[in-house]
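Comments concern the structure below.
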Amino acid sequence: MHSSMHKARLVIFAKAPIPGYAKTRLIPALGEQGSARLAKRLLEHATAHAVEADLGPVTLYAAPYPMSQWPDICLPQALEFAPQGQGDLGDRLSAACESIFDDHWDGVPVIITGTDCPGLTSELLGQISNVLKDNDAVLVPASDGGYVAIGLSRFNPQVFSGIDWSTEHVCRQTVERFESLGWQYTLLPQMHDIDEQQDLQWLPQSWSLKDFEQFN
């Protein structure tokens with residue numbers, strides 16, 4: 001896809017699916033190995049749908065970096081890779097946006113996701129892109145008070161500054177930032193992240209929980 005034809009740039013923030021490092025809040029339910037297997041499946045799902053959406057370049061902002069530190073994983077060849085950088089999540093999100101919305105920005109909006117929401121399909125990414133045509137920002141709220149995706153057609157570091165990350169206040173505080181900036185924004189329907197044991201009910205029906213449960 002030629003750059004002038006791009007509808008959006010997709011950014012995915014992800015941890016390597018290493019036992020004891022990824023999806024740690026699920027370790028009591030799945031064990032370290034099972035949690036890592038689920039993290040791997042979620043990452044493969046997220047990257048496949050991001051590329052399938054065919055909106056534009058897809059960059060995986062990885063921790064750790066470089067990718068040589070990651071276990072073998074089946075990722076789309078079209079992916080680009082970048083380090084997440086330092087600081088809290090807000091610092092890292094701001095740094096990623098600043099690297100895109102710089103002097104060479106081509107006017108294409110940015111959609112940022114994690115890998116925790118299997119409901120975030122290529123179709124939904126296309127919907128976010130369409131909504132961004134008439135908005136400065138789009139949020140897909142998560143049921144835990146965070147958000148599963150954020151779309152930006154402009155950037156201001158205030159969007160990620162002073163947010164109480166990993167709390168139920170994240171989405172509300174982000175909306176407050178949009179309003180204080182005078183931005184036009186849209187909230188899409190709420191979705192579910194897979195973070196805690198009670199969230200496992202939201203896995204796709206085609207996924208077998210037995211694939212991730214710890215072995216006796």
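Observations on the structure shown:
- Cβ separations smaller than 8 Å between residues 6+ apart or across chains give the following pairs from the stretch 192-204 residues that are in contact (Cβ under 8 Å) with a residue 24 or more places away in the chain to residues that are open to solvent by 60 Å² or more (accessible area, probe 1.4 Å) and in a helix (DSSP H, G or I): His192/Trp202; Ile194/Trp202; Asp195/Arg25; Glu196/Arg25; Gln197/Pro28; Leu200/Leu209; Leu203/Leu209.
- Residue count for the stretch 27-55 under the criterion of being under 15 Å from the mean Cα position of the chain (by Cα), open to solvent by less than 40 Å² (accessible area, probe 1.4 Å), more than 15 Å from Phe81 (Cβ to Cβ) and of a type outside the set (A, V, I, L, M, F, W, C): the result is 2.
- Entry remark, the stretch 9-26: residues being farther than 16 Å from Asp199 by Cα, open to solvent by 30 Å² or more (accessible area, probe 1.4 Å) and either out of contact with any strand residue (DSSP E or B) (no Cβ under 7 Å at 6 or more places or on another chain) or not in a loop (DSSP other than H, G, I, E, B) (or both) number 5 in total.
- Search result, residues across the stretch 179-216 that are in contact with a strand residue (DSSP E or B) (Cβ under 6 Å, 6 or more places away or on another chain) and either charged (D, E, K, R) or over 27 Å from Ser129 (Cα atoms) (or both): Asp193
- Criterion (in contact with a Pro (Cβ under 8 Å, 6 or more places away or on another chain) and surrounded by 18 or more Cβ atoms within 10 Å (Cβ to Cβ)) met by exactly one of Val108, Val58: Val58
- Scope the stretch 129-152; condition among the polar types (S, T, N, Q) and crowded, with 21+ Cβ neighbours inside 10 Å; matching residues: Ser129
- Complete set of residues in the stretch 154-170 that are open to solvent by 30 Å² or more (accessible area, probe 1.4 Å) and of a type outside the set (Phe, Trp, Tyr): Arg154, Asn156, Pro157, Gln158, Ser161, Gly162, Asp164, Ser166, Thr167, Glu168, His169
- Residues in the stretch 82-105 that are outside any loop (DSSP other than H, G, I, E, B), closer than 20 Å to Lys23 by Cα and open to solvent by 50 Å² or more (accessible area, probe 1.4 Å): Pro83, Leu89, Arg92.
- In summary, Leu60 fulfils each of the numbered conditions (1) more than 11 Å from Lys15 (Cα to Cα); (2) assigned to a strand (DSSP E or B) with the single exception of condition (1).
- Leu79 satisfies every condition listed in (1) closer than 23 Å to Glu196 by Cα; (2) in contact with a Leu (Cβ under 6 Å, 6 or more places away or on another chain); (3) surrounded by fewer than 19 Cβ atoms within 10 Å (Cβ to Cβ) except (1).
- Some residue of the stretch 184-197 being farther than 18 Å from Leu38 by Cα and touching a Lys or Arg at 6+ places or on another chain (Cβ under 9 Å): no
The values are calculated or read from the model by the stated rules, or taken from the named source; none is laboratory data. As the structure is a prediction and not an experimental result, all values here were calculated from the model. Cβ: placed from backbone, ideal geometry, glycine included. Neighbour counts: every protein chain shown. All accessible areas refer to the heavy atoms of the entire protein, side chains included, with ligands and DNA or RNA removed. Shrake-Rupley method; radii C 1.70, N 1.55, O 1.52, S 1.80 Å.
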